[in-house]
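Structure record follows, encoded as structure tokens.
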Amino acid sequence: MPTLDIDKIKQEVVDSQIWRAVFRGGVWSDTPRDRQAHISGNVWLHLHPAKVRPRALKWTYTWGLGGLSFALFLLLALSGVLLMFYYRPVPGLAFRDIKDLTYAVSMGRFLRNLHRWAAQAMVVAVIAHMVRVFLTGAYKRPREFNWSVGVLLLTLTLFLSFTGYLLPWDQLAFWAVTVGTNMAGATPLLGNSGPFSGLLGMHVNNDLRFVMLGGTSVGANTLLRFYVLHTIAVPLLVGILLILHFWRVRKDSFSAAPYQANEAKVDVWPNLVKREYIAAVALVIFIMFWAITKSAPLETIADPNVTMNPEKAPWYFAGLQEMLVYFDPWLAGVLVPNLIIVGLMAVPFIDTNPKGVGYYAWKERPFAITMFLLGVVMWFSLMAMGVFFRGPNYAWYWPWESWWTFKAAPPPTWNVFGPHGQAVLPLALGVPVLGGLFLAAMLLPKLIQRDLNGWKVLGGVLLATAALGAVGAGMGKFTGTQVGFLLFFAGMTTWFGFVMPQRHIRRLDWARYLVTMALVVSTMGILLKMGARLCFNIKYVMTVPVVSMNI
Amino acid sequence: MSEPKMVQPPARFPTRPAAGTMTRGDFLWMGWSALAAFFAAGAAAGARYIFPNVIYEPSQIFNAGPAKDYDMGVSMKWLNTHRIWIIRIPTGIYAMWARCTHLGCTPNWFPDQDRFKCPCHGSNYTLAGDVIAGPAPIPLWRAKITLASTGDLIVDKGVLADQPPKRSQAPFFLTNSELGLS
């Protein structure tokens, strides 16, 4: 009776012409040469270098966030393609198809949940990846360009979430996209309701919003456009940028971790590939568990006439929604997001500090890290306000308050410069005052070329504010809450807008200094305007209705 | 040994081409310019392509029935079909477009507080449509109303006004006498 000789069969299979045509290389004997050939001879693996420095493998350094983001992208591509088999992007059918996917198609609900949760996880992973790269200074020379590509990829990740949001054609989808595209309509010059849009003759049927919608309101053309963007155009662009991103990572020696003397490199196969695959498998299991236990939300079918109350954006856009309460759409919806994107891309070019590349260096980069984290904390605070502190009519509800609680109507708001309909006063008075304040905030930290005691400056400002508040309260103009808010915002803007820049960046060259300060002053402006609205009911600091310009 | 004679090299290229002759540089300029023009025209054509010429959207005009059917206050009769409030006040009637001028959500009417409140970013409007709180930049739009020969109100959302005095007179506000109401 012949015995089954597994080794012999294996040998014959591996040595066959077919196997050798597909997988090159001789008999695997796990030599360093084999391992390197496995990386460089494999189209999938060859985005890795053959060898890598052991410091790049430490999981407490990278947290594997870039790789996890890519794993989620692949998972989203796969689940997305599968969902496309049952989905028709037409207003009468789209919602029914999603219902069918949820209730009638085998595995349909699981796939939709998987797609939704993986998308949210990808937003988290990409943001966390950016924070990690910032904190380890890994964007510094020669990696400036790759950081910029990364910022674009983060933007596109959010745009994919936004375009995907419309496809279920439920109430949430419809109104989120109505609001989002109306923001495009508020773009300066290019949107029909934006500042100076009259100069280019913009109307509701020829502006930026019209192109996004493919019409004058969210309808069949919009759904088709968003479908094409979501399933083809943007993923293709993301794919191209990913290839560029990975290729640059590989060319830039894979890790910014500093060299150590006599550092011996280790083989990528299996040391790095093993870790990547384990992390990806753990992640997929986690997302699958999540998709099995929790269903993706689906509201009632889109009704173009009635909005839900309250209408809340998904959490990652809740910060934007909250900011829209305090600023005109052209500022909160167009200028600030673009400033954030461009400002992030500019970071490697304005941060000249050579220290702290490739490790967490809080003490060596106090200004960069403080300012970046301030931005991140502000963004997530805005999100938290939108998600947890807003109720019906988008009024302020504490998380422990019932939404049935009666809320008094909000008090009337007022404008500092420019009563409605009069354009001369704001221009004659507002422009010099606001321009002067802006210039002072921009220039003072650099013009005072000596070491100030930051604590004394802060103390002085707080004392002056407290005195002002006490006088105001004595005259019955301010309440205690308003004085508290005043102290908070005065302290924040003094410390982050003046003391920190004066201490750390006053020796920068003018070009870099001005770009940095423009970002710092904008951030402080957001804080100040929020404070002005929340405690003094100030609607606009300046308004020029003739050109739809409100600040 | 005779002294070496200076030999003038033959002029292979004329220093200046004859008028009307194309040089290599000219040719390259022309070629690259043509290519750039081709791509620019392609981009412009692509941009034009995504602006639709014909759109299929519901009509902005509808018949809101006879004026005498409306009681004092805000009528929700056409909200779910045409996104319009017909508002009757002691002096007359106007039709307000139920679209927040901030970012386009539909506000809700709260008669107890005399306010329209938007659920998206918290804009508040008075019965007349003026903004009193929240981020909306301009008042709510009023739509054109005309009186048909049958006595029905014809509302046209394609013609709008938001500021006085325009919004306070015909066709954006019809008085009781214009409507034949007592």
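For the range A:225-252, how many residues are loosely packed, with under 15 Cβ neighbours inside 10 Å, of a type outside the set (D, E, K, R) and either closer than 29 Å to A:Gln171 by Cα or over 22 Å from the mean Cα position of the chain (by Cα) (or both)? Number of matching residues: 5. For the range A:474-496, filtered to residues that are farther than 13 Å from A:Cys535 by Cβ and exposed (fewer than 15 other Cβ atoms within 10 Å of the Cβ), the residue that is modelled with the lowest pLDDT is A:Gly476.
Of the residues in the range A:213-220, at least one is in a helix (DSSP H, G or I) and within 11 Å of chain B (Cβ to nearest Cβ). Being assigned to a helix (DSSP H, G or I), among the small types (Gly, Ala, Ser) and closer than 30 Å to A:Ala50 by Cβ holds for only one residue in A:Ala318, A:Ala282, A:Ala332, and it is A:Ala282. Quickly run through the range B:83-103 and pick out the residues that are at the interface with chain A (Cβ under 10 Å from one of its Cβ atoms) and either surrounded by fewer than 21 Cβ atoms within 10 Å (Cβ to Cβ) or more than 24 Å from A:Ala302 (Cβ to Cβ) (or both). Scanning the range B:83-103 gives a single hit, B:Arg83.
Rundown of residues vs (1) more than 14 Å from chain A (Cβ to nearest Cβ); (2) farther than 30 Å from B:Ala148 by Cα; (3) modelled with pLDDT under 90, yes/no style:
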{"site": "B:Ala11", "(1), (2), (3)": "yes, yes, yes"}
{"site": "B:Trp32", "(1), (2), (3)": "yes, yes, no"}
{"site": "B:Arg48", "(1), (2), (3)": "no, yes, no"}
{"site": "B:Gln60", "(1), (2), (3)": "no, no, no"}
{"site": "B:Asn63", "(1), (2), (3)": "yes, no, no"}
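On the given criteria, is A:Val204 of a type outside the set (Lys, Arg), within 11 Å of another protein chain (Cβ to nearest Cβ) and not in a helix (DSSP H, G or I)? When the stated conditions are applied, A:Val204 passes them.
Suppose we filter A:Leu223, A:Leu199 for residues that are part of a helix (DSSP H, G or I) and farther than 23 Å from A:Leu320 by Cβ; which single one remains? Testing whether each residue is part of a helix (DSSP H, G or I) and farther than 23 Å from A:Leu320 by Cβ leaves just A:Leu199.
Evaluating A:Glu401 against the criteria (1) away from chain B (no Cβ under 14 Å); (2) surrounded by fewer than 10 Cβ atoms within 10 Å (Cβ to Cβ) leaves one unmet condition, (2).
Would you confirm, using the coordinates I've provided, whether A:Ala118 is within 14 Å of chain B (Cβ to nearest Cβ) and either outside any loop (DSSP other than H, G, I, E, B) or buried (at least 18 other Cβ atoms within 10 Å of the Cβ) (or both)? When the stated conditions are applied, A:Ala118 does not pass them. Only residues that are of a type in the set (D, E, K, R) and in contact with a strand residue (DSSP E or B) (Cβ under 9 Å, 6 or more places away or on another chain) were counted across the range B:101-135, and they come to 2. Among the helices (runs of 4 or more DSSP H) confined to the range A:1-53, the ones with at least 3 residues that are among the hydrophobic types (A, V, I, L, M, F, W, C) are located at A:6-15, A:17-22. Can you say whether A:Leu237 is assigned to a helix (DSSP H, G or I) and either closer than 30 Å to A:Arg55 by Cα or of a type in the set (Val, Ile, Thr) (or both), as far as the supplied structure shows? No. I'd like the full set of residues that are crowded, with 20+ Cβ neighbours inside 10 Å, among the aliphatic types (A, V, I, L, M) and at the interface with chain A (Cβ under 10 Å from one of its Cβ atoms), limited to the range B:134-154. Hit for the range B:134-154 is B:Ala136, nothing else.
Let's see how each residue does on (1) over 18 Å from A:Asn309 (Cβ atoms); (2) outside any helix (DSSP H, G or I):
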{"site": "A:Trp362", "(1), (2)": "yes, yes"}
{"site": "A:Thr370", "(1), (2)": "yes, no"}
{"site": "A:Ser381", "(1), (2)": "yes, no"}
{"site": "A:Ala384", "(1), (2)": "yes, no"}
{"site": "A:Trp400", "(1), (2)": "yes, yes"}
{"site": "A:Trp404", "(1), (2)": "no, yes"}
{"site": "A:Ala409", "(1), (2)": "no, yes"}
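Against the numbered list (1) surrounded by 12 or more Cβ atoms within 10 Å (Cβ to Cβ); (2) in contact (Cβ under 8 Å) with a residue 40 or more places away in the chain; (3) out of contact with any Lys or Arg (no Cβ under 8 Å at 6 or more places or on another chain), A:Lys294 comes up short only at (1). In the range A:437-525, counting only helices (runs of 4 or more DSSP H) that sit wholly within it, the ones holding 3 or more residues that are free of Cβ contacts under 8 Å to residues at least 40 places away in the same chain span A:454-474, A:480-494.
The values are calculated or read from the model by the stated rules, or taken from the named source; none is laboratory data. What you are looking at is a predicted structure, and each value in this text was computed from that prediction instead of being measured. FYI the Cβ positions are ideal-geometry reconstructions off the backbone, even for glycines, and counts take in every protein chain you see.
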